[in-house]
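The values are calculated or read from the model by the stated rules, or taken from the named source; none is laboratory data. Predicted model only: the values in this text are computed from it and were never measured. Cβ sites come from the backbone with ideal geometry, for glycine too, and all protein chains shown count toward neighbours. For accessibility, only protein heavy atoms count, side chains too; no ligands or nucleic acids. Shrake-Rupley method; radii C 1.70, N 1.55, O 1.52, S 1.80 Å.
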There are 2 protein chains.
Amino acid sequence: MAYSELVVPKHSIMTPGPVEADPRVLQAMANPIIGQFDPALLHMMDETKELLKYVFKTNNKEAFPVSGTARSGAEAVLNSIIEPGDKVLVPSFGRFGYLLAEMVERSGADMKLLEQEWGKIYDPEELIKEIKEFGPKVVAIVHGESSTGALQPLEEVGKFCRENDILFVVDCVPTLGGVEFKTDEWNIDAAISGTQKCLAVPTGYSPLTYNDRVGKILEERKKIEMGLDLKSENPRRIQSNYLDLSQIQEYWGPSRLNHHTEPTTLLYGLREGLRLIQEEGIDNRIKRHTIHGEALVKGLQASGVKIFNDLDTKMPVVTLVETPEGVDEAKIRATMVNDFGIEIAGGFGPLAGKTFRIGNMGYGCRKDNILGCLAALEATLVYHGAKGINVGDGVQAAMEFYKNLGDDQPAV
Amino acid sequence: MAYSELVVPKHSIMTPGPVEADPRVLQAMANPIIGQFDPALLHMMDETKELLKYVFKTNNKEAFPVSGTARSGAEAVLNSIIEPGDKVLVPSFGRFGYLLAEMVERSGADMKLLEQEWGKIYDPEELIKEIKEFGPKVVAIVHGESSTGALQPLEEVGKFCRENDILFVVDCVPTLGGVEFKTDEWNIDAAISGTQKCLAVPTGYSPLTYNDRVGKILEERKKIEMGLDLKSENPRRIQSNYLDLSQIQEYWGPSRLNHHTEPTTLLYGLREGLRLIQEEGIDNRIKRHTIHGEALVKGLQASGVKIFNDLDTKMPVVTLVETPEGVDEAKIRATMVNDFGIEIAGGFGPLAGKTFRIGNMGYGCRKDNILGCLAALEATLVYHGAKGINVGDGVQAAMEFYKNLGDDQPAV
């Protein structure tokens, strides 16, 4: 069977990821390959570290990507700090909280899982009560839950954990680079993200950062692989070799201890994507995401659809819309992509079929995408027989919202 | 601190990887991102599966990449089939054999490690004797050892393993797509590779294939993650979530069970790289690698340097040259890259400093690169004071070799 050259349709990606990469990132990624110990590549690794610290708002010594998708970074952190029997509290409030729990359980921890109704978050005071009661070594939680659009405040819990010498591990996959996230100020010991959401870089890397409290555990558990040091032994060694943070850290550090081969083009892409964030300014970028998220909500409200989220705990970059009565949710998504070239996402778990998800992340978080999505969605819903849609009102409301910002317009 | 746009030097990569990606692969990778459930992306995943089967020479149902570098695929296979206490034999003959041993040991296996002098391989009869004696569930071995350039024959051992119901797992990272490799004919149960060597695709993916014997174990150990199925339980579950082949297989299969987010641009690149292999023809491609490997050896011999490898067990795509007496090996590599723009690689382990490694892989395996490398190397060695270099003879010998091929010239 013969295959043609690659043909990729051009879509506007209004999902909670993977989202459109900045064209300048894709251009950077088309650069030729250089060797893994080429001084130019090592310099790029060092720059990427510094740029990541800027985006994570941290002074940590360590900040680098794990060579895998977002969950590889989460597993690397959790498996590197958790030893069998360690007490770990996982307050879940959606699919990705359960993912953390899954990893914690597989690591052999004594895990306590808290469960929350999908769409809700935890009251920090209650969470602190649970932590006091269980007395864990580690608390692992999601910041923004892209399955529900809910955003968990972290500051109080982080402060309590630090004061009580508990490690606070946070998944900021959908929020980093688009929603306020302060690693140091919020006393987060390890933060894990992905590239394919607000960083607007293709999938394949999991940028993370951690402080010396985590670093100390890594130092204690370090074992160099046999191919480099036959004598290295450690009874407390980390279970995985591929996701062994103590070794990956050395590869990203001055010793350049060879672990995997760094994915060259992904590194080009991440470094360029981070540089563009620095150029825009991280706070300007967060503001841009907030504004477009508000425009989307205003538009949806005026359209007459029902927003699933509690607006006061909603993540600014993910919005869940309830499927109008009598309409097949899958058909809404199909029309959006097939007829308008706009991708939106379905719901997960208990929300599947009942809601669909709209993302406004990274390069795709632009006025033209927000307005285009609202216009297409109104038409799509009417086409599929939804009742009570105020045709045209959603787009106008968003346009009014932008106009009323006056001089405070986002750049795109 | 402000950062400039990405600047990447253009080098000829004559290392054993990562090597130059075909420019058409890089172009394919510059395509815009589409969603992970976009029908176009799912179709691309299916095509990639079929193209991988062609390159692996297999009729296996399963062939897909793990989203990580080559070692992620090896760990995924080993950890998914090995359960604590399982007997596993690892005959190592260099750094990457030790890497397999490292992973096997971390998986909790009852491992027997065989060690071999670096540069040598195993006599298949002796290997079979060792297998008989130890009686393992799994034998895990490297096909081509890129740290030494040695190539292990696999056919007899594979036949014995199949006849005795032993799982035969092979790392073909540097050989797949450049050196003869027959998954089915050699009775290999699972084969693991990387993209950044003879496939000429950027690093970041680990393509692998396995048969129903492995599939049966995955089926027995399958546990769906909590975020998708809260009731799924399995006491024999695989330890890792990220590298859980039983779940990754489902993501690549018709159920499309969501696991990670597939790295979109890497998928574009792999699919295009495999398509180019099909266009060239896998056997033509292997022949091209063999011819250029021979030209390099002929040239090096005429240059007066000493080749480290036994020529009758050398991998056609990696050649180790002994560092001439009185010359600093690191300086040779520095001059090659800084003055000639040609990257060659240093030695690992006991061969560090004593040898350097030249690769002829993938897109970089071209006549112009072979001749340029020989010319630059002669000049570099003379410049650094090596004795006995027959200046000019190496390049002429390689040119003569190509001329004598007559009509049998490689395409590039």
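Please identify the pairs in which a residue from segment A:57-80 that is among the basic types (Lys, Arg) has its Cβ atom under 8 Å from the Cβ atom of a residue that is part of a helix (DSSP H, G or I), counting only partners at least 6 apart or on another chain. Every condition considered, the pairs that remain are A:Lys57/A:Ile282; A:Lys61/A:Asp212; A:Lys61/A:Gly215; A:Arg71/A:Leu99; A:Arg71/A:Met103. Residues that are in contact (Cβ under 8 Å) with a residue 60 or more places away in the chain and either away from chain A (no Cβ under 14 Å) or surrounded by fewer than 24 Cβ atoms within 10 Å (Cβ to Cβ) (or both) within segment B:188-197 comprise B:Ala190, B:Ala191, listed in sequence order. Taken over segment B:93-113, the criterion of being among the hydrophobic types (A, V, I, L, M, F, W, C) and part of a loop (DSSP other than H, G, I, E, B) is satisfied by B:Phe93, B:Ala109. Being surrounded by fewer than 20 Cβ atoms within 10 Å (Cβ to Cβ) and either under 30 Å from B:Tyr383 (Cβ atoms) or hydrophobic (A, V, I, L, M, F, W, C) (or both) is not true of B:Glu280. If you check B:Thr323, B:Thr265 for being farther than 28 Å from A:Leu243 by Cα and not charged (D, E, K, R), only one passes: B:Thr323.
Does B:Val382 meet the test of being β-branched (Val, Ile, Thr) and open to solvent by 50 Å² or more (accessible area, probe 1.4 Å)? Spelling it out, B:Val382 is indeed β-branched (Val, Ile, Thr) and open to solvent by 50 Å² or more (accessible area, probe 1.4 Å).
Assess whether B:Glu5 counts as being touching a strand residue (DSSP E or B) at 6+ places or on another chain (Cβ under 6 Å) and among the acidic types (Asp, Glu). Answer is no for this residue. If I go through segment B:372-394 residue by residue, how many of them are assigned to a helix (DSSP H, G or I), more than 28 Å from the chain's Cα centre (by Cα) and not small (Gly, Ala, Ser)? Qualifying residue count for the region: 6. Within segment A:31-54, the set of residues being open to solvent by 10 Å² or more (accessible area, probe 1.4 Å), over 25 Å from A:Ala190 (Cβ atoms), more than 7 Å from chain B (Cβ to nearest Cβ) and outside any loop (DSSP other than H, G, I, E, B) comprises A:Pro39, A:His43.
Would you mention how many residues in segment B:199-222 are part of a loop (DSSP other than H, G, I, E, B) and free of Cβ contacts under 8 Å to residues at least 24 places away in the same chain? Please lay out each step first, then the result.
If we filter segment B:199-222 for residues that are part of a loop (DSSP other than H, G, I, E, B), which is where we start, we get B:199-205, B:211, B:222.
Filter once more, keeping what is free of Cβ contacts under 8 Å to residues at least 24 places away in the same chain: none.
Number of matching residues: 0.
Among (1) open to solvent by 70 Å² or more (accessible area, probe 1.4 Å); (2) within 30 Å of B:Val25 (Cα to Cα), where does B:Gln396 come up short? Condition not satisfied by B:Gln396: (2). Residue check: is A:Ile358 hydrophobic (A, V, I, L, M, F, W, C) and buried (at least 24 other Cβ atoms within 10 Å of the Cβ)? Yes, satisfied. Could we say that B:Gly349 is open to solvent by 10 Å² or more (accessible area, probe 1.4 Å), at pLDDT 95 or above and small (Gly, Ala, Ser) here? In short, no. Figure legend. Inter-residue proximity from segment B:127-149: first residues in the same structural domain as B:Leu167 (by TED's automatic domain parsing), second residues hydrophobic (A, V, I, L, M, F, W, C) and modelled with pLDDT under 95, beta-carbon distance below 6 Å, spacing 6+ or different chains. Indicated pairs: B:Ser147/B:Phe348.
If you check B:Lys298, B:Lys222, which single one turns out to be within 14 Å of chain A (Cβ to nearest Cβ) and in contact with a helix residue (DSSP H, G or I) (Cβ under 7 Å, 6 or more places away or on another chain)? Let's see the steps before the verdict.
Values: B:Lys298 fails: within 14 Å of chain A (Cβ to nearest Cβ).
It is B:Lys222.
Suppose the filter is within 14 Å of another protein chain (Cβ to nearest Cβ), under 26 Å from B:Gln247 (Cα atoms) and either open to solvent by less than 10 Å² (accessible area, probe 1.4 Å) or modelled with pLDDT of 95 or more (or both); does B:Pro202 pass it? Yes. For segment A:94-106, filtering for residues that are basic (Lys, Arg) and open to solvent by 20 Å² or more (accessible area, probe 1.4 Å) leaves 0.
Got at least one residue in segment A:314-333 being within 13 Å of A:Thr15 (Cβ to Cβ), within 12 Å of chain B (Cβ to nearest Cβ), touching a residue at least 60 places away in the same chain (Cβ under 8 Å) and open to solvent by 20 Å² or more (accessible area, probe 1.4 Å)? Scanning segment A:314-333, I find no residue that is within 13 Å of A:Thr15 (Cβ to Cβ), within 12 Å of chain B (Cβ to nearest Cβ), touching a residue at least 60 places away in the same chain (Cβ under 8 Å) and open to solvent by 20 Å² or more (accessible area, probe 1.4 Å), so the answer is no.
So if I check each of B:Ile307, B:Ile332, B:Ile286, B:Ile291, which one is within 17 Å of the chain's Cα centre (by Cα) and either in the same structural domain as B:Met399 (by TED's automatic domain parsing) or hydroxyl-bearing (Ser, Thr, Tyr) (or both)? Explain how you work it out, then say what you get.
Values: B:Ile307 fails: within 17 Å of the chain's Cα centre (by Cα); B:Ile332 fails: within 17 Å of the chain's Cα centre (by Cα); B:Ile291 fails: within 17 Å of the chain's Cα centre (by Cα).
Testing whether each residue is within 17 Å of the chain's Cα centre (by Cα) and either in the same structural domain as B:Met399 (by TED's automatic domain parsing) or hydroxyl-bearing (Ser, Thr, Tyr) (or both) leaves just B:Ile286.
None of B:Glu156, B:Glu185 is open to solvent by 10 Å² or more (accessible area, probe 1.4 Å), touching a Leu at 6+ places or on another chain (Cβ under 9 Å) and assigned by TED's automatic domain parsing to the domain that holds B:Pro91 except B:Glu156. Of a type in the set (Gly, Ala, Ser), assigned by TED's automatic domain parsing to the domain that holds B:Ala70 and open to solvent by 10 Å² or more (accessible area, probe 1.4 Å), is that true of B:Ala109? Yes, satisfied.
With A:Asp368, A:Asp408 as the choices, which residue is under 28 Å from A:Thr175 (Cβ atoms) and at pLDDT below 95?
Numbers: A:Asp368 fails: at pLDDT below 95.
None of the other options fit; the residue is A:Asp408.
From the set of residues in segment B:239-257 that are more than 8 Å from every other protein chain (Cβ to nearest Cβ) and in a loop (DSSP other than H, G, I, E, B), which is most open to solvent (accessible area, probe 1.4 Å)?
Start the filter on segment B:239-257 by keeping residues that are more than 8 Å from every other protein chain (Cβ to nearest Cβ), which leaves B:244-257.
Still in the running and in a loop (DSSP other than H, G, I, E, B): B:244, B:252-257.
Numbers: B:Asp244: 1, B:Trp252: 2, B:Gly253: 8, B:Pro254: 134, B:Ser255: 71, B:Arg256: 39, B:Leu257: 38 Å².
Checked segment B:239-257; the qualifying residue most open to solvent (accessible area, probe 1.4 Å) is B:Pro254.
Only residues that are small (Gly, Ala, Ser), open to solvent by 30 Å² or more (accessible area, probe 1.4 Å) and facing chain B (nearest Cβ under 7 Å): list them for segment A:1-30, please. Within segment A:1-30, just A:Ala30 meets the criteria.
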